[in-house]
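Every number here is computed from the coordinates shown, using simple stated rules; none is lab data. Keep in mind that what you see is a predicted model, and the values were worked out from it rather than measured. All Cβ positions, glycine included, derive from the backbone under ideal geometry; neighbour counts span all protein chains shown.
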Amino acid sequence: MLFALAGAILLILYGIIPTLQPANFGRVYAAYGGIFIALSILWGWQVDKIAPDRFDVIGGVIALVGVVIIMYWPR
């Protein structure tokens, strides 16, 4: 029960603390999502031994291109 409570508190903090950052949180969070997608594919490949198919790779590349556009496109 103690681990569940500690886990719940950490998840709440994980959701709240990024909103307190001085950067534009929407952009940072969207970029984080793209990185999370790519790393999830790599995790599945290396840890779970599930090789990504071409559509996984295409989707991961699209997500990373989105990250670059969100973070570095001139405004």
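Observations on the model:
- Count Lys and Arg as plus one, Asp and Glu as minus one, and take only other residues whose Cβ is under 13 Å from that of residue 42; the net charge is then -1.
- Note on the chain: Cα Rg divided by 2.2 N^0.38 Å, N the number of residues, gives 1.40.
- Relative contact order (%) - criterion: Cα under 8 Å, at least six apart; region: the chain: 34
- Mean ellipticity per residue at 222 nm, deg cm²/dmol - from DSSP H runs of n ≥ 4 across the chain, formula -39500 (n - 2.57): -25500 deg cm²/dmol
- Order by protection proxy (mean Cβ within 10 Å, highest first), peptides 13-19, 54-60: 54-60, 13-19
- Compared with the alpha-carbon gap, the fully stretched path from residue 13 to residue 40 is longer by 7.5 nm at 0.36 nm per residue.
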